[in-house]
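Heads up, the thing below is written out as structure tokens.
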Amino acid sequence: MKQVEVLYNTYFHDVYLYVKSLSKSDEIAEEITQETFFKAMKSLQKFKGDCDVRVWLCQIAKNTYFNFCSRNHQVAVESIEETAADTTVTIEDSLEDAQQTMQIHRILHTMDDPYKEVFTLRVFGELSFRQIAEVFGKTESWARVTYHRAKLKIIETLEEEH
């Protein structure tokens, strides 16, 4: 039990930020992160150590989140909309930002992985390139290049739309 407690204390924040980058919701991120550590506790003896523990936990979190979305798709969408509406800027700025953010989300929805996920983790999850590289089991340079290519694709698509 001590080992799970150490894992929890060491990686909770990283896993939480990762899930929040996917869900855009504090409540969903909290729930999925808790469930992730519960699942990790149940399958800790199966962890072979082939990858970093953070990567393993984020994989569990990602699968848990996707399962959550398929069970509660409408809940996840409503949570994202509620989070987006929580702004303290003027209504005009808020609408403009919301429209551009929605355009970017639409573009991201059509993008292939890993571009979509790397961009989401960097921008919305605020993860470092090192952390993104660990999630994918790649190098930091790979994360930087992939993010840059995703950003260029988004900019190109936005320019085509205007």
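Only one of the numbered conditions (1) of a type in the set (D, E, K, R); (2) closer than 21 Å to T10 by Cβ; (3) modelled with pLDDT of 80 or more is not met by E126, and that is (3). Counting only residues that are closer than 17 Å to H13 by Cα and of a type in the set (G, A, S), segment 34-66 holds 2 of them.
Number of residues in segment 147-162 that are out of contact with any Lys or Arg (no Cβ under 8 Å at 6 or more places or on another chain) and touching a residue at least 24 places away in the same chain (Cβ under 8 Å) equals 7. For segment 114-128, the set of residues classified as surrounded by fewer than 21 Cβ atoms within 10 Å (Cβ to Cβ) and within 15 Å of D52 (Cβ to Cβ) consists of S128 only. The helices (runs of 4 or more DSSP H) found wholly in segment 1-104 include none carrying at least 2 residues that are at pLDDT 75 or above and in the same structural domain as S128 (by TED's automatic domain parsing).
Scanning segment 5-30 for residues that are surrounded by fewer than 17 Cβ atoms within 10 Å (Cβ to Cβ) and under 23 Å from V123 (Cβ atoms) yields F12, H13, D26, E27, E30. Across segment 135-153, the qualifying residues are those that are assigned to a helix (DSSP H, G or I) and among the hydroxyl-bearing types (S, T, Y), and the one among them that is nearest to the chain's Cα centre (by Cα) is Y147. Taking residues in segment 47-59 that are without any contact (Cβ under 8 Å) to a residue 12 or more places away in the chain, and partners anywhere that are assigned to a helix (DSSP H, G or I), the pairs with Cβ atoms closer than 7 Å and at least 6 places apart or on different chains are F47/W56.
The values are calculated or read from the model by the stated rules, or taken from the named source; none is laboratory data. Computed from a prediction, not measured in an experiment: that's the story for all the values here. Virtual Cβ from ideal backbone geometry, glycine too; neighbours counted across all protein chains shown.
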